[in-house]
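The values are calculated or read from the model by the stated rules, or taken from the named source; none is laboratory data. Given the structure is predicted, the values throughout are model-derived calculations rather than measurements. Neighbour counts run over all protein chains shown; Cβ positions are idealised from the backbone, glycine included.
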Amino acid sequence: MVKGGVLVLFWCLTLSAAGQTPLHPPRRDWFPQAPPLPAPTGPVVRVSTVEELFRAADTIKPGGTILIADGHYRMPRYFELRTDDVTLRGESGRPEQVVLDGVDSRHGELLGITGCSGVTVAGVTLQNVRWNALKINSNLGTTQVTVYNCIFHNVWQRAIKGPAVPADQRDRFRPSDCRIQYCLFYNDRPKQYDDDPADTPENFRGNYVGGIDVMFARRWTICDNVFVGIQGRTGEARGAVFLWHDTQDCVVERNIVLDCDSGICLGNSHRPADVAMHCRRCVVRNNFVVRCPENGILADYTEDCRILHNSIHDPDSRLKRLIRLVHDNRGLIVANNLLSGSAPRIETTDKILMRDNAVGDFAAVFRDTAAGDLHLLRAAAGIVDAGQPWTETPEDIDRQRRDSTPDLGADELDP
């Protein structure tokens, strides 16, 4: 649907009459495609009812796999994994066919991972959640989590949440080495007050909603995901990807962010007294970001971070924040980005290394801006072969090797 000149995608799951199993979720052939996982190793527990699912979580042994049969599982309450090296996955490998639905749950959170490491969640849909769909309880000793080929649908605070680690635990523990890959995050519409009674006119005005929100992360990789329509009631939602509170050495790459209020955010302007920097040594590279008016890519209280080879399209942006740099950003490099719209908003006194960023109206150069496809259609002066190589970006958004004179933006034009 086109609303006010901006594409708004309202994607719906079609349910079969017999089993309430969702069929044929929306896909585009140029979205990242998840390779199938290998067959599980170790003990396998197969479940096909809600009761069996809860029982399996209580009895699964380390190294085991819970395989969920295709079906629509209306969850009555919060569900938790607490065992090391456990995999929870849909048996078919098609997340649209295995739906964990929080519509009837008496709790605001759907799936939690607590006090363990090495857990994988794959091939499932988590939908209709009032607060957090998947809570990585980093404040309770959780680390090394993988989320693979999952769908997060109509989640009204955070699809994936990693909360703050208590100050007395940070020296010895951080949620480390997590990976979120090949997931689809989308809401059918902007958030409303009825979706979340905790989000009131007195606090967030219906805008306390986002995709991935993580604090004190270390060595996370967030890659090959798609985010669509994560919007607040008044257009001021949090980031599709939001890393803050002394996050270190994380990579955000090859993601597609479409029609969200905020795109990829390294930090924000709220910095507690016990947090010196929000993000250190993080890299944002090879992403498509389309029509994210609050922030396309934000750096706010960062140190030695990199924003490289991203394609951002929002020529009608009301705030002109395709790239926004705010407060302290020591050692920040912004290079080889393709900005279809406004030049970077620089609201920092730190010296930023900015080079080889193209700014202009590039709609005619992209394959399909309405759909969010920012692959290059043709060679264009000032874009193709216009960059300088960076060791952090040897490949493009499709994992195609870049040559010694790389093209600007996320896509390296096919030779």
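If the condition is being buried (at least 19 other Cβ atoms within 10 Å of the Cβ) and either within 18 Å of the chain's Cα centre (by Cα) or not in a strand (DSSP E or B) (or both), then the range 95-112 contributes PRO95, GLU96, GLN97, GLY102, SER105, GLU109, LEU110, LEU111, GLY112.
Within the range 196-223, the set of residues being surrounded by 23 or more Cβ atoms within 10 Å (Cβ to Cβ), of a type outside the set (A, V, I, L, M) and in contact (Cβ under 8 Å) with a residue 60 or more places away in the chain comprises just one member, PHE216.
Would you check which residues across the range 113-137 are in a loop (DSSP other than H, G, I, E, B) and not small (Gly, Ala, Ser) and list them?
CYS116, VAL119, VAL124, ARG130, TRP131
Within the range 44-69, being part of a loop (DSSP other than H, G, I, E, B) and either more than 26 Å from LEU140 (Cα to Cα) or aromatic (Phe, Trp, Tyr) (or both) holds for SER48, THR49, ALA69.
Can you tell me how many residues in the range 135-154 are hydrophobic (A, V, I, L, M, F, W, C) and either more than 13 Å from the chain's Cα centre (by Cα) or within 22 Å of LYS61 (Cβ to Cβ) (or both)? Working first, answer last.
From the range 135-154, those hydrophobic (A, V, I, L, M, F, W, C) are 136, 140, 145, 147, 150-152; that's our starting set.
Imposing the further condition that a residue be either more than 13 Å from the chain's Cα centre (by Cα) or within 22 Å of LYS61 (Cβ to Cβ) (or both) reduces the set to 136, 140, 145, 147.
So the answer is 4.
Restricting attention to the range 224-254, the residues being buried (at least 21 other Cβ atoms within 10 Å of the Cβ), hydroxyl-bearing (Ser, Thr, Tyr) and in a loop (DSSP other than H, G, I, E, B) number 0.
For the range 156-177, name all the residues that are in contact (Cβ under 8 Å) with a residue 40 or more places away in the chain, farther than 14 Å from ALA240 by Cβ and either within 13 Å of the chain's Cα centre (by Cα) or in a loop (DSSP other than H, G, I, E, B) (or both).
Kept after step one, since they are in contact (Cβ under 8 Å) with a residue 40 or more places away in the chain, are these residues of the range 156-177: 156-165, 167, 170, 174-177.
From what's left, farther than 14 Å from ALA240 by Cβ: 156, 162-165, 167, 170, 174-177.
Residues satisfying the conditions are TRP156, GLY162, PRO163, ALA164, VAL165, ARG170, ARG174, PRO175, ASP177.
Determine whether ASP304 is in contact with a Lys or Arg (Cβ under 7 Å, 6 or more places away or on another chain) and farther than 18 Å from GLU253 by Cα. When the stated conditions are applied, ASP304 does not pass them. If you check ASP373, ASP407, ASP356 for being surrounded by 13 or more Cβ atoms within 10 Å (Cβ to Cβ) and free of Cβ contacts under 8 Å to residues at least 40 places away in the same chain, only one passes: ASP407. Pairing each residue of the range 18-38 that is on the phi > 0 side of the Ramachandran plot and loosely packed, with under 12 Cβ neighbours inside 10 Å with any residue that is modelled with pLDDT of 65 or more and not in a loop (DSSP other than H, G, I, E, B), provided the two are 6+ apart or on different chains, yields C-beta distances under 9 Å for HIS24/GLU96. Looking only at the range 178-209, residues that are more than 30 Å from ASP85 (Cβ to Cβ) and part of a loop (DSSP other than H, G, I, E, B) come to 20 in all. Taken as a whole, the structure places GLY206 among residues that are over 17 Å from SER117 (Cα atoms), modelled with pLDDT of 95 or more and touching a helix residue (DSSP H, G or I) at 6+ places or on another chain (Cβ under 6 Å). Might you check whether a residue that is without any contact (Cβ under 8 Å) to a residue 24 or more places away in the chain and touching an Asp or Glu at 6+ places or on another chain (Cβ under 8 Å) occurs anywhere in the range 88-104? Scanning the range 88-104 turns up no residue that is without any contact (Cβ under 8 Å) to a residue 24 or more places away in the chain and touching an Asp or Glu at 6+ places or on another chain (Cβ under 8 Å).
Taking the numbered list (1) assigned to a strand (DSSP E or B); (2) within 14 Å of VAL119 (Cβ to Cβ) in turn, HIS72 passes all entries but (2). Among the residues of the range 1-56, those that are over 27 Å from VAL119 (Cβ atoms), touching a strand residue (DSSP E or B) at 6+ places or on another chain (Cβ under 9 Å) and either of a type in the set (Val, Ile, Thr) or modelled with pLDDT of 50 or more (or both) comprise VAL8, THR14, HIS24, PRO26, ARG28, TRP30. Given the criteria closer than 19 Å to CYS265 by Cβ and in contact with a strand residue (DSSP E or B) (Cβ under 8 Å, 6 or more places away or on another chain), does ARG367 qualify? Answer is no for this residue.
Residue-by-condition table, conditions (1) in contact with a helix residue (DSSP H, G or I) (Cβ under 8 Å, 6 or more places away or on another chain); (2) of a type in the set (Gly, Ala, Ser); (3) surrounded by fewer than 23 Cβ atoms within 10 Å (Cβ to Cβ):
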| site | (1), (2), (3) |
| --- | --- |
| TYR73 | yes, no, yes |
| VAL86 | no, no, no |
| VAL119 | no, no, no |
| GLY123 | yes, yes, no |
| THR146 | no, no, yes |
| VAL155 | no, no, no |
| ALA167 | no, yes, yes |
